[in-house]
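Report on one structure; see the data block that follows.
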Amino acid sequence: MSDAGHERRRVYDPALRLLHWWNAAAIVALLATGWGAELFEHGAGERAVWTVHVYAGYGLVLGLATRFAWALVGPRHARLADMWHPQAWRRLLTDFRLPDRHRWGHDPLASAAFLALYGTLAVMAVTGLALAASELGMGPLAGGLLDQVWLAELAEEPHEFLASFVAAFIVVHVGALWLHQRIGGVPVASSMWTGIQVRSARREGGNA
């Protein structure tokens, strides 16, 4: 359906949208508790905040694992193939040609950013489990060979650096959504609430 120069189509299924917000909530909780723990450093509440941080991490691992499974068996626009655009990325890098943005589903440029985010979160999950085991005695790695002080020292810096990357991603992501709405007049963010994607109507003579 279309109106006022826009086209609308139901694209994103409820499970995909639920996983999106589940993972978003877990990431915000992880960043908040990670930064908040500094306020309680060496205080009585420090371990309690880190414990919440660890459980939020478990929630994110569960959400990411479920999202990966849904990318294999879910509907068309939930699948990994909908985020995989190597030809568009190659043209951008070699010919400096922007990919076709007039498509239903995941945008090629946004897909590259999200795949980078998923890879970053996977590394953070591994380093986070190592830190939980060595510093708090929690998680599946606690009490085993990997529960070592040297492992915590090895994992701490990458974990903290990547947390900064994730925080920067959130700022850029929210900013891009705002620009789409403010400048382009396209409510991109609403698609993850309603499942209905809105895009500018293609001009006469364009490809479908």
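The values are calculated or read from the model by the stated rules, or taken from the named source; none is laboratory data. Not measured: the values here are computed from a predicted model. Because the Cβ atoms are built from the backbone with ideal geometry, glycine has one as well, and the counts that use them run over all protein chains shown.
Checking each residue in the stretch 37-73 for being closer than 18 Å to A24 by Cβ, surrounded by 15 or more Cβ atoms within 10 Å (Cβ to Cβ) and among the small types (G, A, S) picks out A56, G57, G59, G63, A71.
Rundown of residues vs (1) at pLDDT below 90; (2) touching a His at 6+ places or on another chain (Cβ under 9 Å); (3) assigned to a loop (DSSP other than H, G, I, E, B), yes/no style:
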{"position": "F161", "(1), (2), (3)": "no, no, no"}
{"position": "S164", "(1), (2), (3)": "no, no, no"}
{"position": "I170", "(1), (2), (3)": "no, no, no"}
{"position": "H180", "(1), (2), (3)": "yes, no, no"}
{"position": "G184", "(1), (2), (3)": "yes, no, yes"}
{"position": "M192", "(1), (2), (3)": "no, yes, no"}
{"position": "V198", "(1), (2), (3)": "yes, yes, no"}
{"position": "R203", "(1), (2), (3)": "yes, no, yes"}
{"position": "G206", "(1), (2), (3)": "yes, yes, yes"}
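Among the residues making up the stretch 74-102, those that are under 21 Å from W22 (Cα atoms) and surrounded by 12 or more Cβ atoms within 10 Å (Cβ to Cβ) are G74, P75, H77, A78, R79, L80, D82, M83. Remark: pairs (first residue in the stretch 103-118, surrounded by 16 or more Cβ atoms within 10 Å (Cβ to Cβ); second residue of a type in the set (G, A, S) and in a helix (DSSP H, G or I); Cβ separation under 6 Å; 6+ apart in sequence or on different chains) = P108/A88. For the stretch 1-20, filtered to residues that are surrounded by 13 or more Cβ atoms within 10 Å (Cβ to Cβ) and hydrophobic (A, V, I, L, M, F, W, C), the residue that is modelled with the lowest pLDDT is V11. In this structure, L109 does not satisfy being under 19 Å from R199 (Cβ atoms) and outside any helix (DSSP H, G or I). Against the numbered list (1) in a helix (DSSP H, G or I); (2) of a type in the set (D, E); (3) touching a residue at least 24 places away in the same chain (Cβ under 8 Å), E38 comes up short only at (3).
Within the bounds of the stretch 6-28, is there any residue that is farther than 23 Å from V171 by Cα and free of Cβ contacts under 8 Å to residues at least 40 places away in the same chain? No, that holds for no residue.
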